[in-house]
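Engineer: Here it is, the structure, as structure tokens.
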Amino acid sequence: MSKRKMITAALPYANGPVHIGHLAGVYIPADVYARFQRNTGQKIAFICGSDEHGIPITIRAKRRHHSAGCGGQIS
């Protein structure tokens with residue numbers, strides 16, 4: 001019986017420009033590894049997230065006079 005394993009990918013830094021390194025260096029390799037492990041019968045939890053509501057994003061949005069997201073306004 002195999003143990004359940006967790007694979008994570010680094011959080012993207014949403015305050016900067018997206019580039020090919022985000023995909024090639026982090027997300028695609030982690031996804032390929034998770035799929036490989038599942039295909040070999042391993043129990044895998046592949047978890048990743050984002051920092052889209054972090055402090056730098058809020059500050060940048062305020063400077064640009066944008067809303068905070070989810071319909072909220074920055075005062």
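A short reminder: the numbers here are calculations on the coordinates, not readings from a lab. Computed from a predicted model, the values in this text were never measured in an experiment. Neighbour counts are summed over all protein chains in view; Cβ atoms, including those assigned to glycine, are modelled from backbone coordinates with ideal geometry.
Engineer: Describe numerically, in nm with one decimal, the distance between label points set 7 Å from Cα along Cα→Cβ at residue 65 and at residue 3.
Structural biologist: 5.6
Engineer: Additional query: Tell me which residues come under 5 Å, amide H to amide H, from residue 5 once H is placed; ignore anything under 5 positions away on its chain.
Structural biologist: 43, 44, 45
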